[in-house]
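The values are calculated or read from the model by the stated rules, or taken from the named source; none is laboratory data. None of the values given here were measured: they were computed from a predicted structure. A quick note on method: Cβ atoms are made from the backbone with ideal geometry, for glycine too, and the neighbour counts reach across all protein chains shown. In case anyone asks, the SASA skips ligands and DNA or RNA and just uses the protein heavy atoms, side chains included. Shrake-Rupley method; radii C 1.70, N 1.55, O 1.52, S 1.80 Å.
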Amino acid sequence: MSWRTRLRQEPALVDMNQWPVIDAASLPAKHRKGFLTRQRIVASALKHQSCTEAAQKFGYSKGYVNQLMNRCLGGDLNAPAELTRGLIPHARLAPPTRHQPLPELDSPGGAAGAFTDLLDQLPKVKAGLDESIEADYRRLRESERLTAAGLHQTFLRLLAEANWPATRYPFTHASRAKESVRRYLVQRRVELQTSRRGNFRVTEQEASIDDYRALATVQIDEHLMHLQTNLAVQFNDEVIELRLNRCTLMLAVDVATQCILGFELHPTRAPNQDDLLSLFDRCLTPQTIPVIQTPGFEALAGPALPTEMTPFWPLTFGTVQFDNAWIHHSNVVEAFLADSVCGTLAFGVPATPKARWLVEHVFDYLERKLGHRFDSTTGSHPKDAKRESPKSAKKVPALSFQSLVEAIYLQIGRYNTTPMPDLAGQRPLEAFQRHLRQHWIRWPQGGTARGWQPFCSTVTLPVHRPAKEQRLPFVHFCYARYSGDGLLSLSPDDTRIAIDYDRRDIRTLQARTLQGRPLGTLNGPKTWRRFAHSQATRCWLRQQRREATYAEADPITGYFLAWRDKHKHTARDAAELLSLYLEITANGQPWLAAGEHAKAAMSAKSLEESPQQPNPHRAYRWSPIPHADPRR
């Protein structure tokens with residue numbers, strides 16, 4: 001049937017707006033120009049109903065235009081026209097048909113369509129290949145785990161059993177139809193998957209996303225971002241600009257609604273278990289919408305994370321999917337998720353990131369939208385284009401750590417508020433809210449009054465009563481002695497007590513007997529009570545920065561003074577500095593004392609001062625310019 005006959009039967013096809021749309025950007029670059037030119041030729045021929053005028057207008061022959069029109073609108077009378085698909089250059093519209101006999105050694109020829117013709121001549125060989133592919137697809141016990149090379153060996157064995165001449169195709173070619181067998185394997189697997197999907201009856205309930213529940217499964221992982229940021233440190237009137245190389249992004253994603261529950265950006269390459277607990281705290285406790293301080297950044301119209309919603313719903317975790325990183329196997333992490341939250345920990349098989357495909361997809365999204373837009377710290381070779389240029393490497397990066405935190409927050413907010421096709425056009429945050437309002441979800445004991453405390457830990461310690469020294473009883477905890485008046489009320493038989501403490505601030509401990517009787521507060525040494533610090537920080541200072549603990553002032557001030565006197569500051573030093581600063585300034589106190597003022601600060605009066613009222617006589621002040629955590 002010619003294209004004119006098709007138009008008489010279907011006059012609506014004269015309008016190209018009725019044709020299927022194929023985006024030219026989806027085609028290979030070498031075919032885009034030809035595709036657009038063919039569109040113009042066909043549009044002109046349809047407008048004037050003449051191939052002559054279109055040929056004269058574009059400089060082609062009349063026969064070429066007529067052939068192009070028949071390619072798009074001609075064909076079988078009972079089959080639909082190819083339409084737009086016929087405009088794609090070199091697109092094969094019909095399956096290949098071989099008209100020549102199969103190649104022989106004495107009469108060689110091309111192999112186009114030879115494999116299909118061979119299977120048509122040998123139905124038993126085709127049946128044997130199909131049987132092997134179907135057995136592998138159904139995972140039968142007696143079937144092999146089929147590969148393209150294994151199927152090719154089966155193909156050659158079936159030809160030998162059929163007494164196929166060794167002088168005929170495929171033995172006339174060196175590959176012996178290896179690529180044709182591989183393509184046949186791929187084609188048959190796709191057909192089997194399609195047929196299996198079509199056997200199921202898709203009902204409204206099966207097609208709905210309501211089969212899954214929010215918070216039933218949560219995927220958590222860490223990702224190292226290979227980009228560089230800057231940090232500014234001020235000592236009196238001197239401003240020191242530092243370079244930060246790489247940082248670790250920690251994410252928690254709900255599987256059912258694809259909603260990002262929270263994130264934590266750590267300035268070092270190796271976060272610890274306390275950083276993971278901080279991620280739990282941001283995902284399960286209410287948070288305020290941050291104020292964006294970076295110029296040029298536009299704040300979101302509403303909340304970006306579920307913990308910023310009002311009213312706040314009590315949240316908990318069901319099954320938490322981890323990889324096998326050591327921080328995921330930490331005792332405090334497992335105790336919080338298993339004992340406090342009553343969740344299930346699922347550790348994946350090593351080297352299988354596809355098991356946590358959703359969180360890996362979010363990492364890829366954030367890298368494409370944000371991380372890869374900056375110069376990378378890695379590359380295939382020293383002169384890789386994606387690396388920072390040698391000229392720019394001599395200067396501090398323009399991106400500050402504060403701006404990176406805000407950019408990640410805004411990008412996550414856009415992800416949570418963008419309609420997703422997998423959610424039937426819903427936004428992840430909307431789907432999460434709908435699940436909380438309308439479906440049965442995990443509800444923590446205590447309801448809205450329940451508050452999670454991931455940083456609260458308990459340990460049992462022995463009580464030391466020195467007989468020769470005239471001093472109060474004490475306990476040893478994290479390289480320091482803790483004592484209090486409550487220990488005097490212990491009987492001689494009470495040799496051990498229970499200690500409750502906050503892992504973020506171990507300046508004081510809450511003591512109780514093993515029977516539960518409270519013993520009050522135990523205070524640590526005054527040298528460690530100047531700034532709030534975590535258990536991990538004290539262990540790190542004792543093990544890695546022991547010289548700072550012998551400073552005249554408190555150990556944290558001694559660390560900063562030792563850092564100031566250091567001749568050269570590396571990116572690792574800057575990461576340690578920022579990590580410690582974010583920890584000790586959780587209450588908004590960026591002031592550090594040194595020298596005689598530090599000794600005076602250790603008095604009881606200075607210890608009782610509010611962190612928001614710094615001593616005006618302190619000699620040194622330290623703070624990034626500017627820095628404020630947008631999620632607090």
| remark: GLN100 fails exactly one of (1) under 30 Å from PRO170 (Cβ atoms); (2) in contact with a Lys or Arg (Cβ under 8 Å, 6 or more places away or on another chain), namely (2)
| note | In the range 407-459, residues that are at pLDDT below 85, over 25 Å from the mean Cα position of the chain (by Cα) and open to solvent by 30 Å² or more (accessible area, probe 1.4 Å) total 9
| Filter result (assigned to a loop (DSSP other than H, G, I, E, B) and small (Gly, Ala, Ser)) within the range 331-378 | GLY343, GLY348, ALA351
| field | Residue in the range 269-283 that is surrounded by 18 or more Cβ atoms within 10 Å (Cβ to Cβ), in contact (Cβ under 8 Å) with a residue 40 or more places away in the chain and in a strand (DSSP E or B) present | value | no
| Restricting attention to the range 471-483, does a residue exist that is part of a loop (DSSP other than H, G, I, E, B) and of a type in the set (Val, Ile, Thr)? | no
| Checking LEU93 against (1) on the phi > 0 side of the Ramachandran plot; (2) at pLDDT below 85, which single condition isn't satisfied? | (1)
| field | Which listed residue, of ARG182, ARG139, is under 37 Å from the mean Cα position of the chain (by Cα) and surrounded by 12 or more Cβ atoms within 10 Å (Cβ to Cβ) | value | ARG182
| note | Among helices (runs of 4 or more DSSP H) entirely inside the range 1-60, those with 2 or more residues being hydroxyl-bearing (Ser, Thr, Tyr), loosely packed, with under 15 Cβ neighbours inside 10 Å and touching a residue at least 40 places away in the same chain (Cβ under 8 Å) are none
| Residue list for the range 131-162, restricted to those being touching a helix residue (DSSP H, G or I) at 6+ places or on another chain (Cβ under 7 Å) and part of a helix (DSSP H, G or I) | SER132, ILE133, GLU134, TYR137, ALA148, LEU151, HIS152, THR154, PHE155, LEU158, LEU159
| note | Cβ pairs under 8 Å, 6+ apart or interchain, first in the range 295-306 and of a type in the set (Phe, Trp, Tyr), second crowded, with 18+ Cβ neighbours inside 10 Å, ordered by first then second residue, are PHE297/SER403; PHE297/GLU406; PHE297/ALA407; PHE297/LEU410
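Can you pull out the residues in the range 500-542 that are aliphatic (A, V, I, L, M), farther than 15 Å from TYR479 by Cα and in a strand (DSSP E or B)?
If the condition is that a residue be aliphatic (A, V, I, L, M), farther than 15 Å from TYR479 by Cα and in a strand (DSSP E or B), then ALA511, LEU519 are the ones that fit.
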| task | Identify the residue in the range 163-179 that is in contact with a helix residue (DSSP H, G or I) (Cβ under 8 Å, 6 or more places away or on another chain) and more than 15 Å from ASP117 (Cβ to Cβ) and, among all such residues, is least open to solvent (accessible area, probe 1.4 Å). | result | ARG176
| said: Name the residue that is modelled with the lowest pLDDT, counting only residues in the range 207-253 that are of a type in the set (S, T, N, Q) and either buried (at least 19 other Cβ atoms within 10 Å of the Cβ) or in a loop (DSSP other than H, G, I, E, B) (or both). | reply: SER208
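Among the residues of the range 320-330, count how many are open to solvent by less than 40 Å² (accessible area, probe 1.4 Å) and either assigned to a loop (DSSP other than H, G, I, E, B) or β-branched (Val, Ile, Thr) (or both).
Total meeting the criteria: 5.
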| query | Given the conditions (1) out of contact with any strand residue (DSSP E or B) (no Cβ under 9 Å at 6 or more places or on another chain); (2) in a loop (DSSP other than H, G, I, E, B); (3) farther than 18 Å from ALA214 by Cα, which single one is not true for TRP313? | reply | (3)
| said: Let me spell it out: the conditions are (1) among the charged types (D, E, K, R); (2) at pLDDT 85 or above; (3) open to solvent by less than 40 Å² (accessible area, probe 1.4 Å), and ARG517 meets all of them except one. Which number is the exception? | reply: (3)
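Results for (1) farther than 23 Å from ARG542 by Cβ; (2) among the acidic types (Asp, Glu); (3) at pLDDT below 90, shown as yes or no for each residue.
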position: LEU472; (1), (2), (3): yes, no, yes
position: ALA498; (1), (2), (3): yes, no, no
position: ARG504; (1), (2), (3): no, no, yes
position: THR513; (1), (2), (3): yes, no, no
| task | Give me the pairs, please: first residue somewhere in the range 105-120 and within 11 Å of HIS173 (Cβ to Cβ), second residue anywhere and in a helix (DSSP H, G or I), beta-carbon distance under 7 Å, and either six or more positions apart or on two chains. | result | PHE115/SER180
| said: Looking at ALA346, ALA355, ALA304, ALA385, can you tell me which residue is within 21 Å of CYS259 (Cα to Cα) and either acidic (Asp, Glu) or modelled with pLDDT under 90 (or both)? | reply: ALA355
| request: Starting from the range 553-568, keep only residues that are open to solvent by 40 Å² or more (accessible area, probe 1.4 Å), then list their pairs with residues that are modelled with pLDDT of 75 or more and outside any loop (DSSP other than H, G, I, E, B) whose Cβ atoms are within a distance under 6 Å, requiring at least 6 positions of separation or different chains. | output: none
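Return the residues of the range 61-98 that are assigned to a helix (DSSP H, G or I) and surrounded by fewer than 11 Cβ atoms within 10 Å (Cβ to Cβ); say none if nothing qualifies.
Answer for the range 61-98, where residues must be assigned to a helix (DSSP H, G or I) and surrounded by fewer than 11 Cβ atoms within 10 Å (Cβ to Cβ): just GLY63.
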| said: I'm trying to understand the selection: among the residues of the range 275-303, which are in contact with a helix residue (DSSP H, G or I) (Cβ under 8 Å, 6 or more places away or on another chain), among the hydrophobic types (A, V, I, L, M, F, W, C) and under 14 Å from ALA252 (Cα atoms)? | reply: LEU276, LEU277, PHE280, CYS283, LEU284
| In the range 527-569, which residues are at pLDDT 80 or above and under 30 Å from LYS394 (Cβ atoms)? | TYR559
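Would the range 179-196 turn up any residue that is modelled with pLDDT under 80, over 30 Å from LEU156 (Cα atoms) and out of contact with any His (no Cβ under 7 Å at 6 or more places or on another chain)? Can you show your working first?
The initial filter retains those residues of the range 179-196 that are modelled with pLDDT under 80, namely 194-196.
With the extra rule that they be over 30 Å from LEU156 (Cα atoms), the set shrinks to none.
No - not one qualifying residue is present in the range 179-196.
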| task | Please specify each residue of the range 329-370 satisfying the condition of being of a type in the set (Gly, Ala, Ser), over 17 Å from PHE280 (Cα atoms) and in contact with a helix residue (DSSP H, G or I) (Cβ under 9 Å, 6 or more places away or on another chain). | result | GLY348
